[in-house]
Every structure is written in C-alpha cells, then in structure tokens.
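Values quoted throughout were computed directly from the atomic coordinates according to the rules given, and no laboratory measurement underlies them. For clarity, every value in this text was computed on a predicted model and none was experimentally measured. As a convention, Cβ positions derive from the backbone with ideal geometry for all residues, glycine included, and neighbour counts pool all protein chains shown.
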Amino acid sequence: MSRAARMRDNLRMVGDDTAEALHRLMRRHTRANAHNRHLPRPDDHPTLGRNPPDSPAEMNDASLRRSNAVAGRRRAAATAVPVLIPPAMMVLFAQCNRRWGDRRGYRRAMLSYWAMCAVIPMVLAGPRPIAAVLRSPSRPLPKPRWLATVALVLPPAGAIATELAPQLRRTSARTGLTAVVVGVTNALAEELLWRALPVAVFPDDPVRGWLMPAAGFTAWHFAPLSVRPHPRGRYPILAGAAMIGAGAGWIAWSTGSLRTVLALHAITDSCGVRAAAAIWNRPQEADGRLR
C-alpha cells in the first residue's frame with residue numbers, strides 16, 4: 001500500500017472516531033434537557049434560591065431566640081424571689097412547727113431554707129456568675145464612703161453588744177462553736193439568695209438588684225419569728241435585718257462582690273449564742289443556761 005493510501009485510511013479513522021464522540025455528546029445533552037424540563041424552576045417554588053431551613057444562619061437565629069427566651073424566664077423568676085419566698089417560708093415554718101414541734105420543726109424549716117438558698121441561685125443564675133460575685137470586689141465602696149462603712153460595721157457591732165456580750169460568761173464552748181457553725185452557714189446561704197442572685201442577674205438595675213431583695217430579706221424574718229419569738233421581741237430583729245438587707249445589698253450591688261458583706265454577716269449571725277443553746281444544742285443545755 002502506498003504512503004498516500006495509508007494517510008487516507010488514518011484520516012478516515014480519526015474522522016469516524018470524532019463523529020462517534022460528537023454523537024454520544026449530543027445524546028447526553030438531549031437527555032439532560034429532557035430531564036431538566038421536569039424540574040421546578042426557582043420562580044415556581046418558594047423555597048428554591050433561599051437558605052434551607054437548617055442553614056447555619058437560621059440555626060444561629062433560632063438558638064439566639066431560645067437563649068433569650070430562657071434568660072427572660074430566669075430574670076422573671078429572679079424578680080419573683082423576694083415576693084414569693086417570705087410567704088412560702090411562713091407556711092413552711094408553720095407546717096414544720098405543727099408536725100415536729102418547736103425545736104425539731106424549727107431545725108427542719110431552717111435546713112430547708114438553707115437548701116433553697118443554695119439551689120435557687122445556681123438554677124437561675126448559674127455557678128459561674130455566682131462564683132464571680134464571690135470574688136474580690138472590682139469596684140470600690142460606694143460614696144459616701146462613711147455611710148458605706150457605717151452600713152458594714154453597725155450590724156456586727158450591734159450583735160456583739162446586744163447578743164454576745166450579755167451572754168458571754170454563761171456560754172459554754174459547745175454553744176459558742178454551735179453559734180459559729182450555724183451563723184456562718186446561715187450567712188453564706190442568705191448571701192447567696194438575697195445578694196449573689198440579684199447582683200448576678202441584675203447588675204445594672206438597682207430596684208431588682210438591691211431594693212427588692214433588701215425588702216424580701218427583711219420580710220422573710222417574719223417566718224422564724226412567727227413560730228419562735230425572740231426574747232427582745234420581733235421589732236429589734238426586723239430592724240437589724242433591714243439594716244443588713246439595705247446596707248449589704250447596697251454595697252454588694254455597687255461593688256459587684258459579696259466578699260466584704262459575707263464576712264461581716266457571718267460575724268453578726270455568729271453572735272446568736274442564745275439561739276444556738278435553745279434550738280441547736282441538747283435540750284438540757286438550753287433549759288437554764290442562757291436567758
């Protein structure tokens with residue numbers, strides 16, 4: 001076969017392969033067009049051309065709405081605490097007193113109160129915000145400084161003068177230790193509920209972060225006084241509670257910390273040696289030692 005004949009055969013083969021490839025490509029294109037005619041266009045379907053329902057943007061928006069809703073419910077619950085706790089404690093102390101008697105009923109009611117004081121702030125504010133409030137103050141004492149100093153010093157000084165000093169000679173070591181344990185426990189529990197919670201949830205709202213909790217803290221003392229009156233009467237106790245609530249609440253809300261007010265509250269409550277002997281110690285020690 002001549003060289004020219006071989007070149008003609010090669011060109012014919014290349015042409016046949018090219019034609020066959022073009023034919024296959026045209027068939028695929030025809031099938032794709034037929035399939036696309038059955039698909040909805042963006043104008044015909046309202047969701048085409050938009051983000052799908054589970055797109056990251058919409059998921060973030062939904063998560064933010066849920067977080068805001070939960071935060072709103074927690075703030076509403078924290079607002080209701082000073083309103084609901086005093087009457088609830090009145091019922092609790094009365095029920096415990098009727099069921100278990102004077103001393104045992106009072107103890108059980110106080111233990112329930114302390115547990116509630118610890119649980120409610122953790123649920124409504126969370127452990128981290130509560131822990132942040134227990135750190136050293138980030139801001140100085142509010143002005144006027146002399147008034148803040150008086151608000152800090154007056155309650156423990158009054159408790160030492162009226163509760164501890166008159167009973168000190170007749171107080172046993174056991175009663176003194178009991179008074180310290182009960183006083184520190186009560187101060188820590190009350191500061192968590194009445195100061196840490198409102199300061200953590202309402203740092204920019206003086207009404208809900210300071211004034212309402214101060215009023216609720218004062219009002220709650222009607223509950224224990226209703227079943228076990230104090231020897232000096234209820235009004236001196238309520239006046240002392242009002243001073244602690246207003247002064248400690250003002251300082252805690254202004255400084256953003258409970259460090260100072262917690263220590264002084266613990267000193268104040270640890271002076272209650274009469275209550276320690278009458279309620280928390282054995283009955284034989286409470287009968288005649290402290291009056």
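Mind checking the dipole of the range 56-286: about its Cα centre, +1 per Lys or Arg Cβ, -1 per Asp or Glu Cβ, Debye to the nearest 20? Don't skip to the end; give the middle numbers.
Working: 27 positive and 10 negative charges, 104 e Å.
For the range 56-286, the charge dipole is close to 500 debye.
Show me the ranking of peptides 133-142, 89-98 by mean Cβ neighbours inside 10 Å, starting with the highest. Before the final figure, lay out the partial values.
Numbers: 133-142: 13.8, 89-98: 17.2.
By packing density, highest mean first, the sequence is 89-98, 133-142.
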Footprinting exposure proxy for 73, 208, 174 (fewest neighbouring C-beta atoms within 10 Å first): 73, 174, 208
Sequence of 268, 162, 218, 171 once ranked by neighbouring C-beta atoms within 10 Å, starting from the fewest: 162, 171, 218, 268
